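Comments concern the structure below.
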Amino acid sequence: MGAGSQARPRAYAQYQLASNTNIAGAAGTTAILNMSIDRESTLNGYFDKPTNERIRALSAMSVRVTYGVGMDSNVNHEGYEIRVLKNGAVVPQSVGASNARANAAEGSNVGRTFMTNLTANQYLELQVNKLEGNGLTVLASGTLLLVELYELG
Amino acid sequence: MIVIGKPVIRAWAQYQPSTNLSVTTGSTAPASGIFNLSVDRESKLDGLFDKPSATEIRALVAMNTRISFGTAVTSNVNNSGFGIYILRNGARIPYSVSGGRARNRTVEPYDANSSFRLVLAANDTISLEMVNLETLNTCVGVAARTVVLVEALELL
């Protein structure tokens, strides 16, 4: 149980996709998203941003991760999977999936909230995995990744 | 820094299904099934939760929680309606519901997810249910794209 002497660090990293991102290629093609737009993060010395794609924990910690991704396509019902990577490996509880539509006025969305443990300097990325071979467009205004510090150590 | 109020609780139960959940309807609908939430995904139970059965997560004391879930569903027909509920002691939480229209190709799943606050009494259980809303169809909740997270936010 939580100890009364432990203060809760208030830190979170919250980033949005930099621009609409087209992803071409066959089924199985993956793309890591450029999450470089800071949306009111309070990194507070616990997180940094070593690249446009990565959010890095500077200490060992447990985090609550929340993401939402909006998707469009050039055909109807184009399947895709969204997942969070930890140092390049898929976090199993992060995986969501849906199918996109061809009309820009008919968006599709995937979202998840989950917990994961990080060691110092481990980083998180948001990845799209194409389930079919048509065009996908990830929508910048519909895509956000929030990493909240939940517990140190 | 200064701690104000009750101690901060750092416990969570996070589980994924071990197998896909398939729910088939006959000439009447709906029909429902309960996910087998037996794969631990970095839980920290901390004496506040346990797992009395494969389908249940149990709170051992009264607490305020945040519950988050997500799943992706496919079907054997196109545009097959489904709903996803969190159950407390086997009863549906009305505001937990999410859903959509599943497609008949495994490469065209449909996502459903939600996050909300819920008060649990000691020994209350949480489960995840999928409801097939249409007749003569099969809906499949995909294990690898399904997770339930119960966070203890405050003890009561």
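Read the figures in this text as sums done on the coordinates, not as results from a lab. Being a predicted model, the structure only gives us computed values, none of them experimental. Glycine also receives a Cβ, built like all others from the backbone with ideal geometry; neighbour counts cover every protein chain displayed.
In whole percent, what relative contact order does chain A give with Cα contacts below 8 Å and a gap of six or more residues? Please report the intermediate quantities before stating the final value.
Numbers: 421 pairs, mean separation 58.5, N = 153.
Averaging sequence separation for qualifying contacts and normalising by length gives 38 percent for chain A.
Take the Cα of B:L156, step 7 Å along the line toward its Cβ, and report every residue of the range B:48-91 whose backbone nitrogen sits under 19 Å from that point.
Flagged as within label range: B:48-50, B:57-68, B:86-91.
Classify the protein assembly as shown as rounded, prolate or oblate, taking a ≥ b ≥ c as the square roots of the eigenvalues of its Cα gyration tensor: rounded when a/c is under 1.5, otherwise prolate if a/b is larger than b/c and oblate if not.
Oblate, because a/c is 1.5 or more while a/b does not exceed b/c.
Kindly count the pairs of lysines across the protein assembly as shown whose alpha carbons are less than 23 Å apart, treating pairs on different chains or eight or more residues apart as eligible.
Values: A:K49/A:K86; A:K86/A:K130; A:K86/B:K44; B:K6/B:K44.
Within the protein assembly as shown, the lysine pair count is 4.
Please check: in the Gaussian network model of chain B (C-alpha springs, under 10 Å), which one of B:T74, B:T135, B:T24 has the largest mean-square fluctuation.
Maximum fluctuation in the GNM of chain B, among the listed residues, is at B:T135.
Work out, step by step, the length gained on full extension between B:I93 and B:S22: first 0.36 nm times the residue separation, then minus their alpha carbon distance; give nm to one decimal. Mind dumping the intermediate values first?
Details: separation 71, 0.36 × 71 = 25.56 nm, distance 2.15 nm.
Taking B:I93 through B:S22 to full extension adds about 23.4 nm, to one decimal.
Other chains' Cβ within 10 Å of A:101-111 residues: what's the mean?
On the way: counts 0, 0, 0, 0, 0, 0, 0, 3, 2, 8, 8.
Average per residue, whole number: 2.
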